[in-house]
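Asker: This is the structure I want to talk about, given as structure tokens.
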Amino acid sequence: MMTPLPVAGRLLLAVALIPFAFGGAFGQETIASDRPGIGSGSYVLGLGTVQLEAGVGLAEAGDANSYSLGQALVRFGLDAVELQAILNSYVIVEDGDEGWTDIGLGAKARLYRDPSGVFALSALGTLSFPVGADFLSADEVVPGLTLLADYSVTDRLAVAGNAGVSVGTGDLEDTFALIITPSVSVPNSNLGVYFGYAGFYADSGELHFIEGGLALLATPNLQLDLNGGYEIENENFFVGVGFATRYMR
């Protein structure tokens, strides 16, 4: 998972990641990953499918860079619902701080799917637990709910959108997230390109990100990715690489 730091502990459970599916936005023939990017797709894993998604990343955080190792998400398909173990990352900061981020649980439910495969809508509920290092943790249990939509404009052009909120149960503020991400698959290849915008809104301020990246379908069950982006207010960048692999019963 590629999450810009140091805001990871505050915003991580507002959204997950943008999916990249080839041969149509909702195709089941190949892996549909929640990597890479800031956001989550509407696709829900089928019954008996297990998917591991992981990666490493570099993020500029003020005067010191941060390295995230793991970015781990494990997904378990139950047909119309999937369960998620949000294991996240071990973070190393160049100034000497290091430790685990908060971990969480999630459930993604299919709300609607157009029989033609043009439009799909799902909901993702998450719950994070404050078990991470002090400089990364939200310091409280954080519930979140996000609506996830995908629309196939053509066979090779799709748009994903997220609208969600993470709820502050103590000192943490409620945070609203809005993400729009078009993606294009390159003709005559297994390569896809995405770009997008992610905004996080709270009473104390806003964060705005632009992002983009590549996803390569190495096999029907393995995706490799390269991602990067820029946080406009603080002028911080992030880059990362990762993979998603699928196991089907």
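The values are calculated or read from the model by the stated rules, or taken from the named source; none is laboratory data. Bear in mind that the values here come from a model prediction, so they are computed numbers and not experimental data. Glycine also receives a Cβ, built like all others from the backbone with ideal geometry; neighbour counts cover every protein chain displayed. Please note that ligands, DNA and RNA were not included when accessible areas were found on the heavy atoms of the full protein model with its side chains. Shrake-Rupley method; radii C 1.70, N 1.55, O 1.52, S 1.80 Å.
Asker: Does LEU172 meet the test of being of a type in the set (A, V, I, L, M), open to solvent by less than 60 Å² (accessible area, probe 1.4 Å) and assigned to a loop (DSSP other than H, G, I, E, B)?
Answerer: Yes: the conditions hold for LEU172.
Asker: Something else: Given LEU145, LEU124, LEU157, LEU178, which one is closer than 24 Å to ALA215 by Cα, under 19 Å from the mean Cα position of the chain (by Cα) and surrounded by fewer than 18 Cβ atoms within 10 Å (Cβ to Cβ)?
Answerer: None of the others qualify; the one that does is LEU178.
Asker: Here is a follow-up. Would you pick out the residues in the range 127-138 that are touching a residue at least 40 places away in the same chain (Cβ under 8 Å) and either over 17 Å from ILE86 (Cβ atoms) or open to solvent by 20 Å² or more (accessible area, probe 1.4 Å) (or both)?
Answerer: Result: LEU127, ALA133, PHE135.
Asker: Hey, could you check the range 207-249 for residues that are among the acidic types (Asp, Glu) and over 19 Å from the mean Cα position of the chain (by Cα) and say which is farthest from TYR67 (Cα to Cα)?
Answerer: GLU233
Asker: Six or more apart or on different chains, Cβ under 7 Å: which pairs go from a residue in the range 102-126 that's among the aromatic types (Phe, Trp, Tyr) to one that's assigned to a strand (DSSP E or B)? Could you list them?
Answerer: TYR112/ALA120; TYR112/LEU121; PHE119/TYR151
Asker: Looking only at the range 194-217, how many residues end up being open to solvent by 50 Å² or more (accessible area, probe 1.4 Å) and touching a residue at least 24 places away in the same chain (Cβ under 8 Å)?
Answerer: 5
Asker: Any chance the range 145-157 includes a residue that's acidic (Asp, Glu), under 15 Å from ASP34 (Cα atoms) and touching a Leu at 6+ places or on another chain (Cβ under 9 Å)?
Answerer: yes
Asker: Another question about this same structure. Since LEU148 meets every condition but one in (1) in contact with a helix residue (DSSP H, G or I) (Cβ under 6 Å, 6 or more places away or on another chain); (2) over 30 Å from ILE92 (Cα atoms), which condition does it not meet?
Answerer: Unmet for LEU148, out of (1) in contact with a helix residue (DSSP H, G or I) (Cβ under 6 Å, 6 or more places away or on another chain); (2) over 30 Å from ILE92 (Cα atoms): (1).
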